[in-house]
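S.K.: Please read through the structure below; I'll follow up with questions.
FYI, it's all coordinate maths here, none of it is from the lab. Owing to the predicted nature of the structure, the values given are computational and were not obtained by experimental measurement. Note that each Cβ is placed from the backbone with ideal geometry, even for glycine, and that neighbours are counted across all protein chains shown.
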Amino acid sequence: MSIGIGPRARAYGADLRTSRWGGLFGGAAAALFVWRERSRQRRHLRHLDDRLLRDIGLTRQDARGEAAKPAWRA
């Protein structure tokens, strides 16, 4: 399973890449934003109960595996 990024993160990254700073700084800032968002989502996933996990089609083991990934891994 992979946690995707939302439209806010995509828009933020696009804004930075087209700004006057562009290039390296925009791409790095966008990556940091995506990593932070993934970390937040994985932290929330870790705290879901079994009923909610079942609703989204995951087992407790799936959730633990996803939550254990570092933020930079999709």
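S.K.: Scan the range 23-74 residue by residue and report those that are part of a helix (DSSP H, G or I), among the aromatic types (Phe, Trp, Tyr) and within 11 Å of the chain's Cα centre (by Cα). Outline the logic, then answer.
M.R.: Step one: of the range 23-74, the residues part of a helix (DSSP H, G or I) are 23-46, 50-55, 60-67.
After this cut, where a residue has to be among the aromatic types (Phe, Trp, Tyr) as well, the list is 25, 33, 35.
Across the range 23-74, the qualifying residues are PHE33, TRP35.
S.K.: Still on this structure, please answer the following. Any residue in the range 59-71 that is within 19 Å of PHE33 (Cα to Cα) and in contact (Cβ under 8 Å) with a residue 24 or more places away in the chain sitting within a Cβ distance under 7 Å of a residue that is surrounded by 14 or more Cβ atoms within 10 Å (Cβ to Cβ) and of a type in the set (D, E, K, R)? List the pairs, counting only those 6 or more apart or interchain.
M.R.: If the second residue must be surrounded by 14 or more Cβ atoms within 10 Å (Cβ to Cβ) and of a type in the set (D, E, K, R), the pairs left are GLU66/ARG42; ALA67/ARG42; LYS69/ARG42; ALA71/ARG38.
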